[in-house]
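Worksheet: one structure, shown below.
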Amino acid sequence: MPSSLDYRGLESTYSKSEKLPPPPNFEKSAKATDHSSSPASVELKAANHAQIKEKRAWELAISPAKSLPMNAFMLYMSGNSLQIFSIGILVMLLMNPFKAVANINRVFSPFAPANSNPTSLGTLSFYKVVYVACNMLTLGLGLWKCSKLGILPTAGDWREFSNPDPVVGHPPSE
(Lines give C-alpha, C1' and ligand atoms only; values in the text may rest on other atoms or scores of the structure.)
Protein backbone atom coordinates (compact mmCIF):
# COMPACT_ATOMS: atom_id res chain seq x y z
CA MET A 1 0.00 0.00 0.00
CA PRO A 2 2.35 2.72 -1.17
CA SER A 3 1.26 6.22 -0.48
CA SER A 4 2.74 9.44 -1.71
CA LEU A 5 2.26 12.98 -0.67
CA ASP A 6 1.18 15.57 -3.16
CA TYR A 7 3.01 18.85 -2.56
CA ARG A 8 1.63 20.64 -5.60
CA GLY A 9 -1.18 22.16 -3.55
CA LEU A 10 1.31 24.00 -1.32
CA GLU A 11 2.56 26.21 -4.12
CA SER A 12 -0.79 27.90 -4.39
CA THR A 13 -0.66 28.99 -0.72
CA TYR A 14 2.52 30.96 -1.32
CA SER A 15 1.00 32.85 -4.18
CA LYS A 16 -2.04 33.72 -2.03
CA SER A 17 0.11 35.23 0.70
CA GLU A 18 1.89 37.47 -1.80
CA LYS A 19 -1.44 38.99 -2.79
CA LEU A 20 -2.37 40.01 0.75
CA PRO A 21 -2.55 43.74 1.49
CA PRO A 22 0.05 45.22 3.87
CA PRO A 23 -0.86 45.33 7.57
CA PRO A 24 -2.53 48.45 9.00
CA ASN A 25 -0.23 51.42 9.62
CA PHE A 26 2.48 49.87 7.48
CA GLU A 27 4.27 52.37 5.31
CA LYS A 28 6.91 51.40 2.86
CA SER A 29 9.61 53.93 3.48
CA ALA A 30 11.94 55.31 0.90
CA LYS A 31 14.81 54.74 3.33
CA ALA A 32 14.46 50.97 3.15
CA THR A 33 14.66 50.94 -0.63
CA ASP A 34 17.17 53.79 -1.02
CA HIS A 35 20.72 52.48 -1.08
CA SER A 36 22.44 55.78 -1.63
CA SER A 37 25.76 56.34 0.03
CA SER A 38 25.83 60.09 0.14
CA PRO A 39 28.18 61.60 2.74
CA ALA A 40 25.24 62.94 4.74
CA SER A 41 23.55 59.55 4.98
CA VAL A 42 26.80 57.82 5.95
CA GLU A 43 27.39 60.45 8.65
CA LEU A 44 23.82 60.01 9.92
CA LYS A 45 24.25 56.23 10.07
CA ALA A 46 27.51 56.61 12.00
CA ALA A 47 25.86 59.01 14.47
CA ASN A 48 22.95 56.62 14.98
CA HIS A 49 25.37 53.74 15.45
CA ALA A 50 27.33 55.68 18.07
CA GLN A 51 24.12 56.63 19.86
CA ILE A 52 23.00 52.99 19.93
CA LYS A 53 26.41 51.96 21.28
CA GLU A 54 26.13 54.49 24.11
CA LYS A 55 22.65 53.30 24.98
CA ARG A 56 23.79 49.68 25.05
CA ALA A 57 26.82 50.61 27.19
CA TRP A 58 24.50 52.30 29.71
CA GLU A 59 22.23 49.25 29.78
CA LEU A 60 25.24 47.06 30.43
CA ALA A 61 26.52 49.42 33.14
CA ILE A 62 23.31 49.24 35.17
CA SER A 63 22.62 45.54 34.53
CA PRO A 64 24.14 44.43 37.89
CA ALA A 65 21.74 46.77 39.69
CA LYS A 66 18.81 45.24 37.82
CA SER A 67 19.65 41.86 39.31
CA LEU A 68 19.74 43.16 42.90
CA PRO A 69 16.05 42.48 43.64
CA MET A 70 16.37 38.91 42.38
CA ASN A 71 19.51 38.38 44.48
CA ALA A 72 17.82 39.84 47.55
CA PHE A 73 14.87 37.50 47.05
CA MET A 74 17.24 34.54 46.73
CA LEU A 75 18.93 35.56 49.98
CA TYR A 76 15.55 35.84 51.67
CA MET A 77 14.55 32.39 50.46
CA SER A 78 17.86 30.85 51.59
CA GLY A 79 16.98 31.49 55.22
CA ASN A 80 18.99 32.49 58.26
CA SER A 81 20.90 29.28 58.85
CA LEU A 82 24.12 27.96 57.39
CA GLN A 83 23.20 25.40 54.77
CA ILE A 84 24.73 24.41 51.47
CA PHE A 85 22.12 26.41 49.54
CA SER A 86 22.71 29.66 51.47
CA ILE A 87 26.49 29.22 51.29
CA GLY A 88 26.28 28.63 47.53
CA ILE A 89 24.28 31.81 47.04
CA LEU A 90 26.74 33.75 49.22
CA VAL A 91 29.72 32.48 47.24
CA MET A 92 27.98 33.54 44.04
CA LEU A 93 27.21 37.01 45.43
CA LEU A 94 30.74 37.49 46.71
CA MET A 95 32.63 36.15 43.67
CA ASN A 96 30.62 37.46 40.71
CA PRO A 97 31.34 41.17 41.35
CA PHE A 98 35.08 40.49 41.42
CA LYS A 99 34.87 38.47 38.19
CA ALA A 100 32.83 41.21 36.52
CA VAL A 101 35.23 43.99 37.52
CA ALA A 102 38.22 41.90 36.40
CA ASN A 103 36.70 41.59 32.91
CA ILE A 104 35.44 45.17 32.64
CA ASN A 105 37.54 46.15 29.60
CA ARG A 106 36.57 43.04 27.66
CA VAL A 107 32.89 43.56 28.49
CA PHE A 108 32.83 47.20 27.33
CA SER A 109 35.10 46.78 24.29
CA PRO A 110 32.22 46.26 21.79
CA PHE A 111 30.79 49.64 22.78
CA ALA A 112 34.00 51.66 22.47
CA PRO A 113 34.07 54.49 19.91
CA ALA A 114 35.80 53.70 16.65
CA ASN A 115 38.62 56.19 17.20
CA SER A 116 39.70 54.92 20.66
CA ASN A 117 41.44 51.94 22.21
CA PRO A 118 38.68 49.54 23.35
CA THR A 119 40.78 48.02 26.14
CA SER A 120 41.81 51.31 27.72
CA LEU A 121 40.41 52.21 31.14
CA GLY A 122 39.78 55.77 29.95
CA THR A 123 37.40 54.62 27.22
CA LEU A 124 33.78 54.83 28.42
CA SER A 125 35.05 55.63 31.91
CA PHE A 126 31.70 56.93 33.24
CA TYR A 127 29.93 53.72 32.24
CA LYS A 128 32.71 51.65 33.77
CA VAL A 129 32.49 53.54 37.07
CA VAL A 130 28.72 52.97 37.17
CA TYR A 131 29.30 49.28 36.39
CA VAL A 132 31.81 48.96 39.24
CA ALA A 133 29.45 50.79 41.63
CA CYS A 134 26.56 48.48 40.76
CA ASN A 135 28.79 45.44 41.27
CA MET A 136 29.85 46.83 44.65
CA LEU A 137 26.16 47.02 45.59
CA THR A 138 25.90 43.32 44.84
CA LEU A 139 29.00 42.68 46.93
CA GLY A 140 27.52 44.77 49.75
CA LEU A 141 24.35 42.68 49.64
CA GLY A 142 26.43 39.53 50.02
CA LEU A 143 28.45 40.99 52.89
CA TRP A 144 25.25 42.08 54.64
CA LYS A 145 23.94 38.52 54.45
CA CYS A 146 27.28 37.26 55.79
CA SER A 147 26.95 39.55 58.79
CA LYS A 148 23.34 38.41 59.34
CA LEU A 149 24.49 34.78 59.33
CA GLY A 150 27.32 35.57 61.76
CA ILE A 151 30.08 34.65 59.32
CA LEU A 152 31.83 38.04 59.45
CA PRO A 153 33.88 38.70 62.58
CA THR A 154 32.72 41.52 64.85
CA ALA A 155 34.50 43.52 67.55
CA GLY A 156 33.49 40.95 70.18
CA ASP A 157 35.36 38.23 68.31
CA TRP A 158 38.68 40.07 68.73
CA ARG A 159 38.25 41.16 72.32
CA GLU A 160 40.28 38.30 73.80
CA PHE A 161 43.35 39.34 71.83
CA SER A 162 43.37 42.93 73.11
CA ASN A 163 45.01 44.17 76.28
CA PRO A 164 42.59 44.92 79.10
CA ASP A 165 42.18 48.57 79.99
CA PRO A 166 43.71 49.52 83.36
CA VAL A 167 41.23 50.39 86.05
CA VAL A 168 41.29 54.14 86.70
CA GLY A 169 40.62 55.64 90.12
CA HIS A 170 42.09 53.03 92.44
CA PRO A 171 45.67 53.45 93.60
CA PRO A 172 47.81 50.40 93.32
CA SER A 173 48.03 48.60 96.65
CA GLU A 174 51.47 47.98 98.11
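The values are calculated or read from the model by the stated rules, or taken from the named source; none is laboratory data. Please read these numbers as outputs of a predicted model, since none were measured by experiment. With ideal geometry, Cβ positions are generated from the backbone for all residues, glycine too; neighbour counts draw on all protein chains shown. Calculation scope for accessible area: heavy atoms of the full protein, side chains included, ligands and nucleic acids excluded. Shrake-Rupley method; radii C 1.70, N 1.55, O 1.52, S 1.80 Å.
Scoring 103-116, 144-157 by mean Cβ neighbours within 10 Å over their residues and listing the highest first yields 103-116, 144-157. Each Lys or Arg adds one and each Asp or Glu subtracts one; over the other residues with Cβ under 11 Å from the Cβ of Pro110, this totals +3.
Determine the equivalent ellipsoid of the chain by diagonalising the alpha-carbon gyration tensor, then write out the semi-axes as square roots of 5 times the eigenvalues, largest first, rounded to whole Å.
62, 29, 14
The residues of the chain expose on average 80 square angstrom of accessible surface per residue, using a 1.4 Å probe on protein heavy atoms. Modelled this way, with points 7 Å down the Cα-to-C-beta line, the labels at Met77 and Ser147 are 2.6 nm from one another. Highest mean packing first, where packing is the average number of other Cβ atoms within 10 Å per residue, the peptides 84-94, 130-140 line up as 130-140, 84-94. Cross-linked pairs Lys53/Lys145; Lys19/Lys45; Lys66/Lys128; Lys28/Lys53; Lys99/Lys128; Lys128/Lys148: Cα-Cα separations exceed 24 Å for Lys53/Lys145; Lys19/Lys45; Lys28/Lys53; Lys128/Lys148. Just the protein heavy atoms count here, and of the accessible area of segment 105-162 at 1.4 Å, carbon and sulfur take up 64 percent.
For the peptides 69-76, 160-167, the ranking by mean Cβ contacts within 10 Å, running from highest to lowest, is 69-76, 160-167.
Normalising the average separation of contacting C-alpha pairs (under 8 angstrom, six or more residues apart) by the number of residues puts the relative contact order of segment 54-159 at 40 percent.
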